[in-house]
Amino acid sequence: MPAPPTGALLSVFSFRRPSAEDIQAVLTAAEMEEPTYDDVGATAATMPPGYRHARYQLHLGHGPAVFARAVTALDTWQPQLRTGIAVTPADARPDQGQTVVQLIRMGPVWALAACRVVYRVEQPDRVGFAYGSLSVHPVRGEEAFLIERDPAGVVRARIVVFSRPNHWVVRLGGPIGRLVQRRTAKSYLAGIRSYVLSA
């Protein structure tokens with residue numbers, strides 16, 4: 001495998017905001033990588049042992065308009081953007097094989113998280129995708145974002161995730177890291193709902 005660009009060797013965490021050039025270098029290197037965990041796609045089946053498992057859901061409303069609006073939220077990265085996370089490339093669509101780099105601010109610290117979309121779901125009443133971690137990422141694992149509509153027309157957003165630390169800072173954080181993950185998932189769901197309600 002070719003050596004990654006020097007910029008891709010940036011730490012996951014930094015006290016300075018990574019430049020656009022830094023992020024692009026991480027993206028270029030990440031596009032040549034494979035996910036950093038086994039059981040790719042397991043958020044759609046039985047999640048693997050050795051990881052923290054979590055599931056979250058939120059009621060969004062009722063009917064086809066709500067369902068369509070919620071799907072658009074996923075396809076335009078609204079869960080991330082409305083949580084203050086920048087996504088590169090900005091025009092990326094979450095299709096299988098797409099690689100993105102997320103820029104996350106946590107107080108005085110910036111974090112980079114490179115991800116690969118490992119599957120996409122396209123069903124009449126169930127749409128979404130999952131992305132998995134690449135080497136530049138605070139955690140190792142996979143996260144799925146799904147919009148589902150039941151036979152009564154009720155629409156819900158769901159997040160399914162398995163993860164474990166991929167960086168000593170996250171391991172050191174222990175319960176704090178788990179709390180941050182839970183709050184982030186709830187913020188993702190709130191971002192979807194706010195987008196749906198803004199129609």
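The values are calculated or read from the model by the stated rules, or taken from the named source; none is laboratory data. What you see is a predicted model, and the numbers here were worked out from it, not measured in a lab. When we count neighbours, we look across all protein chains shown, and the Cβ atoms used for this are built from the backbone with ideal geometry, even at glycine.
Here are the numbers for the structure shown:
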{"item": "Members of segment 59-93 found to be polar (S, T, N, Q) and not in a loop (DSSP other than H, G, I, E, B), listed by number", "result": "Thr72, Gln78, Gln80, Thr88"}
{"item": "Scan of segment 55-91 for residues that are in contact with a helix residue (DSSP H, G or I) (Cβ under 6 Å, 6 or more places away or on another chain), within 20 Å of Val155 (Cβ to Cβ) and among the hydroxyl-bearing types (Ser, Thr, Tyr), ordered by number", "result": "Tyr56"}
{"item": "Within segment 8-52, tally of residues that are part of a loop (DSSP other than H, G, I, E, B), over 26 Å from Val127 (Cβ atoms) and not basic (Lys, Arg)", "result": "12"}
{"item": "Residue list for segment 8-26, filter: at pLDDT 85 or above, touching a strand residue (DSSP E or B) at 6+ places or on another chain (Cβ under 9 Å) and polar (S, T, N, Q)", "result": "Gln24"}
{"item": "Count of segment 48-87 residues which are small (Gly, Ala, Ser), modelled with pLDDT under 95 and either surrounded by 14 or more Cβ atoms within 10 Å (Cβ to Cβ) or within 16 Å of the chain's Cα centre (by Cα) (or both)", "result": "2"}
{"item": "When residues of segment 92-114 are limited to those that are closer than 16 Å to Tyr188 by Cα and either touching a helix residue (DSSP H, G or I) at 6+ places or on another chain (Cβ under 9 Å) or surrounded by 17 or more Cβ atoms within 10 Å (Cβ to Cβ) (or both), the one modelled with the lowest pLDDT", "result": "Met106"}
{"item": "Subset of segment 10-54 (residues that are under 19 Å from Trp110 (Cα atoms) and hydroxyl-bearing (Ser, Thr, Tyr))", "result": "Ser11, Ser14, Ser19"}
{"item": "Subset of segment 119-162 [part of a strand (DSSP E or B), among the polar types (S, T, N, Q) and touching a residue at least 24 places away in the same chain (Cβ under 8 Å)]", "result": "Ser133"}
{"item": "Positions within segment 121-158 being more than 13 Å from the chain's Cα centre (by Cα) and within 18 Å of Glu31 (Cα to Cα), in sequence order", "result": "Ser135, Val136"}
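Residues checked against (1) closer than 30 Å to Phe15 by Cβ; (2) touching a residue at least 60 places away in the same chain (Cβ under 8 Å):
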residue	(1), (2)
Pro49	no, no
His53	no, yes
Gln78	yes, yes
Leu81	yes, yes
Met106	yes, yes
Trp110	yes, yes
